Amino acid sequence: MADHQHVGKCLCGAVTYRATGLADIWYCHCTQCRSLTGHYLAACRTERDQISVSGDVIWSSHSGTSEHGRCARCGSVLFWANRRTDFVSILPGSLESSKGIAVRGHLYVAEKGAYYEINDGLPQFETYPQEGLTA
Ligand SMILES: [Zn+2]
Ligand SMILES: [Zn+2]
């Protein structure tokens, strides 16, 4: 399934992307992701050279080496990345189809909001799995 090509777009359609290698969605409950999204982040990563984007994306750095990309016209947040890595994550709400993609678990649960519970039975990590996100 890693070779499957996924396509997605922002709310207004001005930004579109094509990506291969998308497979795992992780939910991040850290305070930064909760501020950025208004709830918690769903992110699905692939290697930088496996994603192509067209349209005007504004990249904003929000802490350290973390940055997010949003449509210059409608503001939809589409991408998240850590500049120290070779990965870019798409936010899966923008996907046309999530075929072959599954949620793997929860990150930074120690920082989750007090107003919700996590009870979907998926793995939860206080911060980040030591072995990385190989699911
Ligand atoms: Zn847009
Ligand atoms: Zn986070």
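The values are calculated or read from the model by the stated rules, or taken from the named source; none is laboratory data. Just so it is clear, the structure is predicted and the values come from calculations on it, not from any experiment. No Cβ is skipped: glycine too gets one built from the backbone with ideal geometry, and neighbour counts run over all protein chains shown.
Put simply, of Gly93, Gly64 the only residue that is within 15 Å of ligand 2 (Cβ to nearest atom) and out of contact with any strand residue (DSSP E or B) (no Cβ under 6 Å at 6 or more places or on another chain) is Gly64.
From Arg45, Arg70, Arg84, which residue is of a type in the set (Lys, Arg), away from ligand 1 (no atom under 16 Å from the Cβ), surrounded by 14 or more Cβ atoms within 10 Å (Cβ to Cβ) and not in a helix (DSSP H, G or I)?
Details: Arg70 fails: away from ligand 1 (no atom under 16 Å from the Cβ); Arg84 fails: surrounded by 14 or more Cβ atoms within 10 Å (Cβ to Cβ).
Sole residue among the options that is of a type in the set (Lys, Arg), away from ligand 1 (no atom under 16 Å from the Cβ), surrounded by 14 or more Cβ atoms within 10 Å (Cβ to Cβ) and not in a helix (DSSP H, G or I): Arg45.
Kindly check whether there is at least one residue in segment 3-10 that is loosely packed, with under 12 Cβ neighbours inside 10 Å and either within 16 Å of ligand 1 (Cβ to nearest atom) or among the polar types (S, T, N, Q) (or both). Yes; the residues of segment 3-10 include at least one that is loosely packed, with under 12 Cβ neighbours inside 10 Å and either within 16 Å of ligand 1 (Cβ to nearest atom) or among the polar types (S, T, N, Q) (or both).
Here are some residues: Thr134, Thr65. Which one is modelled with pLDDT under 95, touching a Lys or Arg at 6+ places or on another chain (Cβ under 8 Å) and loosely packed, with under 12 Cβ neighbours inside 10 Å?
Details: Thr134 fails: touching a Lys or Arg at 6+ places or on another chain (Cβ under 8 Å).
Result: Thr65 is the single residue among Thr134, Thr65 that is modelled with pLDDT under 95, touching a Lys or Arg at 6+ places or on another chain (Cβ under 8 Å) and loosely packed, with under 12 Cβ neighbours inside 10 Å.
Looking across segment 38-61, the residues that are more than 13 Å from ligand 2 (Cβ to nearest atom) and hydroxyl-bearing (Ser, Thr, Tyr) come down to Thr46, Ser52, Ser54, Ser60, Ser61. In segment 6-37, the residue that is farthest from ligand 2 (Cβ to nearest atom) out of those that are closer than 27 Å to Glu126 by Cβ and over 14 Å from the mean Cα position of the chain (by Cα) is Ser35.
Only one of the listed residues (Val103, Val109) is closer than 19 Å to Gln124 by Cα, at pLDDT 95 or above and in contact with a His (Cβ under 6 Å, 6 or more places away or on another chain). That residue is Val109. Given the structure, is Leu78 in contact with a helix residue (DSSP H, G or I) (Cβ under 7 Å, 6 or more places away or on another chain) and closer than 13 Å to Ala19 by Cα? Yes: the conditions hold for Leu78.
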